[in-house]
1. Going by how many other beta carbons lie within 10 Å of each one, how would you line up A:H137, A:H182, fewest first?
2. Return the Cα extents of segment B:72-182 along principal axes one, two and three, sorted largest first, each rounded to a whole Å.
3. Would you kindly derive the ³J(HN,Hα) couplings of segment A:422-439 from the backbone phi angles with the Karplus curve 6.51 cos²θ - 1.76 cosθ + 1.60 (θ = phi - 60°), listing them in order in whole Hz, with x for Gly and Pro?
4. Do any GluC sites (Glu not before Pro) in segment A:12-42 lie in a loop, going by DSSP, with at most 12 other beta-carbon atoms within 10 Å of their beta carbon, and if so which?
5. Can you give me the relative contact order of segment A:182-240 as a percent, contacts being Cα pairs under 8 Å and 6 or more apart?
6. Give me the one-decimal nm value for the distance between modelled label points at A:E468 and A:E234, 7 Å along each residue's Cα-to-Cβ direction.
7. Mind checking segment A:304-351 for GluC sites (Glu not before Pro) that DSSP puts in a loop (not H, G, I, E or B) and that have at most 15 other Cβ atoms within 10 Å?
8. From Cα pairs below 8 angstrom and at least 6 apart in sequence, can you work out the relative contact order of chain A, rounded to a whole percent?
Amino acid sequence: MSEEKKPKRQRKPPTKKVPMPEQDPMVRIKNFDEVALGYTPEQAIEEAKKCLQCRNPRCITGCPVEVPIKDFIHLIVEGDFMAAAAKIKETNSLPAICGRVCPQETQCEAKCVYGIRNEPIAIGRLERFVADYAREHGEELPEILPKNGKRVAVVGSGPAGLTCAGDLAKLGYEVTIFEAFHKPGGVLVYGIPEFRLPKEIVAKEVEYLKKLGVEIKCNYVIGKIRTVDQLLDEDGYDAVFLGTGAGAPNFMRIPGMNLVNVYSANEFLTRVNLMKAYKFPEYDTPVRVGNRVVVIGGGNVAMDAARTAKRLGAEEVYIVYRRSRKEMPARLEEVHHAEEEGIKFQLLTNPVEILGNDKGAVVGMTCVRMELGEPDESGRRRPIPIPNSEFVIDADTVIVAIGNSPNPIVTQTTPGLELTKWGTIVVDEETGRTSRPRIFAGGDIVTGAATVISAMGAGKRAARSIHEFLSKKE
Amino acid sequence: MEVSAPDIARVCKPGQFVIIRVNETGERFPLTIADFDREKGTVTIVFQEVGKSTKLLGTLNEGDYILDFVGPLGRPTHIEKYGTVCVIGGGCGTAIAYPVARAFKEAGNYLITINGARTMDLLIYRREMQEISDEFYETTDDGSCGVHGFVTTVLGDLIQQGRKIDLVFAVGPAIMMKFVAKTTEPTGIKTIVSLNSIMVDGTGMCGACRVTVGGQMKFACVDGPEFDGHQVDFNELLGRLNAYKEQEQLALELWEKEHGGSA
């Protein structure tokens with residue numbers, strides 16, 4: 001007992017993120033306005049000040065597009081929000097979008113050193129704040145290199161295509177984006193709902209690209225009106241980037257899938273988001289939502305569909321997911337928001353049949369209870385049906401949100417393009433090169449359905465390697 | 001209606017369709033390409049003004065623009081020499097049947113055509129169809145022209161007479177195609193139908209147009225629009241076609257109110 005008694009060091013209690021103002025759940029389930037309202041400058045600075053400004057920051061290693069997080073947060077502390085936004089845009093051309101839809105909790109914020117003992121720095125909220133600030137205060141265009149006379153065609157205007165096009169335009173390429181829909185943005189406009197990502201923000205980002213000199217041709221289905229080979233051989237493009245996404249909806253192999261009022265999440269969300277069915281009859285596209293809606297699936301798309309159904313007036317909305325909460329692929333924040341809005345979760349439950357009446361309309365869904373067994377190839381515990389546990393959920397609308405497969409229109413019309421057995425395009429991950437020279441690919445058409453930010457990362461890498469490839473060619 | 005769309009006119013084939021959106025608040029809907037002129041760069045569409053969207057399209061005058069015109073979508077008709085081919089067009093479907101019939105004729109088939117409608121005023125492409133046909137029949141539900149009855153009345157008679165038909169191609173209302181398929185089923189005559197499912201994107205993305213064909217789920221937009229009529233689950237198709245009946249009625253009523261009664 002020779003040691004002197006040291007006074008116990010007082011440790012501060014762990015801190016939490018500065019909360020971001022949100023619309024009240026009871027109010028927001030009656031509108032399509034954005035749920036999260038964003039930081040004020042004071043809130044942003046308060047949050048930014050907590051950043052440790054690590055000498056070897058780990059956050060950046062969690063970011064698929066390597067945003068200089070430490071530097072932009074430092075600029076927020078100094079109150080130079082415009083410079084902070086420009087700093088992000090050095091590597092990320094769509095920060096207002098990423099700040100809203102990125103799964104930060106598994107990326108940058110998961111690596112945050114401050115987050116070891118506390119809630120991590122709210123990097124996503126800060127990114128969103130500066131991007132919104134810059135957009136509202138009129139940001140300047142970045143430096144664009146003089147035109148180099150080379151042309152690149154980008155197929156698809158989702159996150160991969162937009163990123164690839166923007167990066168190439170800045171390098172002096174003449175870029176044309178071909179989009180099948182009448183509006184550019186891909187999943188950002190047809191898939192992600194207005195209340196999570198206002199379409200005005202996507203439109204502004206597209207405008208920004210046009211200012212960089214990118215041409216966008218809508219209503220142009222490559223593979224139908226022109227083939228990729230025609231773009232290369234007849235239309236004078238030096239390279240093509242394929243960012244056509246995972247657009248083909250998966251359905252379950254159970255009876256009743258084709259009943260009236262069974263939607264793919266793609267159809268349901270496209271009707272509401274892109275075609276503005278929530279404003280019917282002002283807009284002509286209708287959507288039908290009954291009083292009891294069941295959404296099958298546990299990802300972000302399932303949450304989006306459920307919350308959309310609620311806003312369209314459904315009294316009861318259920319999420320039916322075959323594993324437990326822990327395995328749900330949706331972002332925590334989305335699950336939390338859905339619960340706040342009164343969405344009910346039927347976990348460890350799998351549909352076995354959708355029941356219809358004599359008119360072919362949905363009246364219910366038979367489900368079976370599941371339990372978790374050993375982990376499968378995906379690392380998640382495999383769900384196993386519990387014998388004799390069938391029960392019926394009353395429902396008049398079913399939305400299937402169990403994932404999407406790659407759309408084959410482009411790949412089927414491009415001979416020699418190596419595909420996987422799932423129909424995704426085989427590429428070199430670092431360069432986005434496909435098995436065909438001059439054809440590059442990235443995003444969901446390569447990975448299968450994934451995140452906005454990973455698609456952007458792929459678009460970025462492809463732009464870099466298209467640039468290398470076309471520079472060398474001279 | 002002839003639409004200037006050079007890029008589409010350059011590559012489209014009989015049996016394919018376009019997706020149209022007339023204006024900013026409009027819905028997207030499919031129309032099968034009735035004809036095209038590669039040199040003039042035009043695509044012909046034929047439609048009956050039944051709902052708001054088609055009525056809206058009908059208000060356009062020469063020189064106006066259609067906001068969105070996407071195509072050519074779907075798979076083209078498979079044309080070859082079968083021997084005797086019977087092409088059946090019902091109502092507006094006749095406009096689509098015409099280029100298909102012409103292609104079958106050019107491929108060296110003996111061509112029988114049956115042109116049906118509710119009433120005489122709704123019979124279209126009468127002269128054109130007759131000109132290219134080896135045998136030509138017309139039917140009306142009310143008997144105002146041609147045979148009093150349905151297209152299946154004539155088709156059934158031909159089969160009864162023991163006529164050798166190698167292929168039947170039918171396009172028109174789903175209910176008509178259903179009964180054409182029913183008529184030929186016992187004989188085993190190959191019967192191709194062109195489905196008019198509800199679609200949003202037309203590129204395989206929404207699945208609204210899914211239909212059971214031979215027990216498998218198919219998308220009319222990318223796997224069709226033409227399928228083996230004996231394999232199609234028509235009752236399911238008819239149900240899905242009626243999914244928005246109330247909304248369609250409401251949209252039409254509002255539009256007509258705004259445009260002073262029937263436009």
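Each value in this text was obtained by applying a stated rule to the coordinates, not by laboratory testing. Everything numeric in this text was worked out from a predicted model, so none of it was measured. In this analysis, Cβ positions are derived from the backbone assuming ideal geometry, glycine residues included, and neighbour counts consider all displayed protein chains.
1. Ordered by Cβ neighbours within 10 Å, fewest first: A:H137, A:H182.
2. Cα extents, longest axis first: 37, 35, 27 Å.
3. With coefficients 6.51, -1.76 and 1.60, one gets 8, x, 7, 7, 7, 9, 7, 4, 6, 10, x, 6, 9, 6, 9, x, 6, 10 Hz.
4. Of the GluC sites (Glu not before Pro), not one in the loops of segment A:12-42 has a Cβ with at most 12 other Cβ atoms within 10 Å.
5. Relative contact order of segment A:182-240: 28 percent.
6. Label-label distance for A:E468 and A:E234, simple model: 3.3 nm.
7. Working: sites: A:E315, A:E316, A:E327, A:E333, A:E334, A:E339, A:E340, A:E341; in loops: A:E315, A:E341.
Passing both the DSSP loop test and the Cβ count: A:E315.
8. Relative contact order of chain A: 15 percent.
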